[in-house]
Amino acid sequence: MAARTRRQREFDVEPEAFFDTLRIADVLDKPLGGVSRMEIQRISFLSCLLSIYQAKPVSDWGYRFANTGAGTPFSDQLNEAVGHLLNQALLTESGSRLRITVSGRVMLAMLSKFDSMAERPPCLEAACASMLAVPRSTMSDGLDQEPTIAASHLRSSATMLLEEPHLSMLHEHFSVLAQVIPPSQGDLLSPSVLWLSYMAQSKWSEQERSEQGEAHA
């Protein structure tokens with residue numbers, strides 16, 4: 001279903017952002033009773049990383065991320081998608097939790113028919129499962145060590161993520177990971193958890209070395 005419908009053309013946001021938001025909210029509705037805005041951002045970013053791990057160009061993902069300085073990858077497209085979906089009662093919000101509605105599931109089913117969405121679910125579902133499989137600190141610390149995010153911490157202003165030259169370092173990480181777990185849509189959870197755990201451990205080890213160095217100074 002390659003042609004865009006009138007309803008889709010009304011969106012100012014890329015349809016991928018609507019699809020991802022609804023899919024994440026749908027997958028995590030029962031296990032977590034909804035999802036926070038920050039969780040949507042982190043899960044979507046990890047999903048994009050898993051797409052890159054499958055050797056797909058970052059430009060194919062459909063929307064971009066920036067580091068706003070708060071340590072969390074952030075997409076304006078996702079943020080706007082959440083607002084639109086709430087206004088249309090496709091999501092509801094209680095406290096900090098977003099939940100998909102019956103109408104939201106109807107919209108999700110409609111968007112799922114588009115050819116451009118066909119390869120997204122495995123990445124999104126693996127990212128959601130990763131958040132359930134590892135401690136929240138491992139998720140946040142692991143993503144914080146992603147090369148383009150780590151590099152952005154050295155700048156005082158917001159910067160776009162997943163760009164060269166540091167994107168090449170991420171590709172190197174994934175090349176090594178692919179030798180251990182070859183990329184496949186059948187199992188993206190294992191490489192996702194392994195990468196997050198390794199990157200988080202790298203951060204903890206770096207902090208320990210720094211603290212030991214200060215103790216001996």
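Do you know which of the residues in segment 55-91 that are assigned to a helix (DSSP H, G or I), out of contact with any strand residue (DSSP E or B) (no Cβ under 9 Å at 6 or more places or on another chain) and among the aliphatic types (A, V, I, L, M) is surrounded by the fewest Cβ atoms within 10 Å (Cβ to Cβ)?
It comes out as V58.
Inside segment 65-75, can you point out the residues that are modelled with pLDDT of 95 or more and of a type outside the set (A, V, I, L, M, F, W, C)?
The answer is S75, and nothing else.
Of S137, S130, S152, which residue is among the polar types (S, T, N, Q) and modelled with pLDDT of 95 or more?
S130
Can you tell me how many residues in segment 167-187 are over 19 Å from F65 (Cβ atoms), at pLDDT 90 or above and not charged (D, E, K, R)?
7
The values are calculated or read from the model by the stated rules, or taken from the named source; none is laboratory data. All values reported here derive from a predicted model rather than from experimental measurement. No Cβ is skipped: glycine too gets one built from the backbone with ideal geometry, and neighbour counts run over all protein chains shown.
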